[in-house]
Amino acid sequence: MTRTAAINTIEDALWQCGVNDSTLVQTERDSLDRHGYILLPDVLDSDRLSWLRAAFESASSEGRHTADSRQSGTQHVTDLAWKGTSFQIAYTHPKLLAAVYHILGRPFRVFQLSGRNPLPGYGQQGLHTDWYPRAPSEPYSVVTALWLLDDFTRENGATRLIPGSHNFLRPLPKSSQQPESRHPDEKLVIGNAGSLLIFNGHLWHSGTRNKADQPRRVLQCQFAGRELIRPVDTLPDIAEQLAPSARYLLGV
């Protein structure tokens, strides 16, 4: 298959990215089903990690961030998929794609690819989900992946989540949506830089406050059922540099 050959199915895209029936082991599938998330350690080697950190900082320094960074105390860097080929791994890694397909079970594409860095003293969020509440007969809609560019520790604003809450059909209580609220079942995700956290987008989760004096950068990639996202109106210049599988996953 050549670089210019079009891909028209999710199965072909997954195959080109190296996904097969053994990409996920059974314990990983079970964790996604039961708990709603998996943490994969050391997915990025030191060279790739350094490369992505540099790309994150470059995108930030070029002004590709939202206007509320100074107000919220959290640095947001947006639209990274269109800012060069450096970020392709964030949405084409086989482990990631296998997990997304396991959860969604149908054609999907990238919903957004962005960067987030809660500055010291900031980052505390209320619990939330990444999609609307799901009816019993409806499939899951969204999967979120966090690429840890820095260690996640108890002090620097690591993600908290409520295991199993992706299967809650009741709405998230308003009291739990308050930033300072605590849930009795919440779990703080601790992991080394280079790890990958993948979770069902219906899972209750949030960032926590960065109490350290170091950055806590992540690349955040969200995938959604392909039927849920409007097609890309204008073909970005970067599209011509991407592999057919990447183009399919970005919807271009």
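The values are calculated or read from the model by the stated rules, or taken from the named source; none is laboratory data. Everything numeric in this text was worked out from a predicted model, so none of it was measured. Using ideal geometry, Cβ is built from the backbone for each residue, glycine included, and neighbour counts are taken over all protein chains shown. In case anyone asks, the SASA skips ligands and DNA or RNA and just uses the protein heavy atoms, side chains included. Shrake-Rupley method; radii C 1.70, N 1.55, O 1.52, S 1.80 Å.
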Which condition does F87 not pass, out of (1) farther than 19 Å from I38 by Cβ; (2) modelled with pLDDT of 95 or more; (3) buried (at least 20 other Cβ atoms within 10 Å of the Cβ); (4) not small (G, A, S), if it passes all the others? (2)
Kindly check whether there is at least one residue in the range 49-62 that is at pLDDT below 85, open to solvent by 40 Å² or more (accessible area, probe 1.4 Å) and not hydroxyl-bearing (S, T, Y). yes
So for the range 167-182 (the condition being within 18 Å of the chain's Cα centre (by Cα) and of a type outside the set (G, A, S)), does at least one residue qualify? no
With respect to V189, is the statement that it is open to solvent by less than 70 Å² (accessible area, probe 1.4 Å) and in contact with a Gly (Cβ under 9 Å, 6 or more places away or on another chain) true? no
Of the residues that make up the range 193-208, is at least one touching a Lys or Arg at 6+ places or on another chain (Cβ under 7 Å) and either basic (K, R) or surrounded by fewer than 19 Cβ atoms within 10 Å (Cβ to Cβ) (or both)? no
If the requirement is being at pLDDT 95 or above and closer than 18 Å to G73 by Cα, which of these qualifies: S195, S206, S165? S206
Matching residues in the range 144-174 - criterion: being farther than 19 Å from R209 by Cβ and open to solvent by 40 Å² or more (accessible area, probe 1.4 Å): P163, N167, F168, L169, R170, P171, P173, K174
Take V77 and tell me if it is open to solvent by less than 10 Å² (accessible area, probe 1.4 Å) and touching a strand residue (DSSP E or B) at 6+ places or on another chain (Cβ under 6 Å). yes
Here are some residues: L127, L119. Which one is aliphatic (A, V, I, L, M), surrounded by fewer than 19 Cβ atoms within 10 Å (Cβ to Cβ) and touching a residue at least 24 places away in the same chain (Cβ under 8 Å)? L119
Given P179, P215, which one is at pLDDT below 95, open to solvent by 10 Å² or more (accessible area, probe 1.4 Å) and touching a strand residue (DSSP E or B) at 6+ places or on another chain (Cβ under 7 Å)? P215
Where residues in the range 220-236 are at pLDDT 80 or above and of a type in the set (D, E, K, R), which of them is surrounded by the most Cβ atoms within 10 Å (Cβ to Cβ)? R226
Return yes or no: is A212 within 29 Å of L49 (Cβ to Cβ) and in contact with a Pro (Cβ under 9 Å, 6 or more places away or on another chain)? yes
I'm told D33 meets every condition in (1) more than 19 Å from S195 (Cα to Cα); (2) surrounded by 16 or more Cβ atoms within 10 Å (Cβ to Cβ); (3) touching a His at 6+ places or on another chain (Cβ under 9 Å) except one. Can you identify the failing condition by its number? (2)
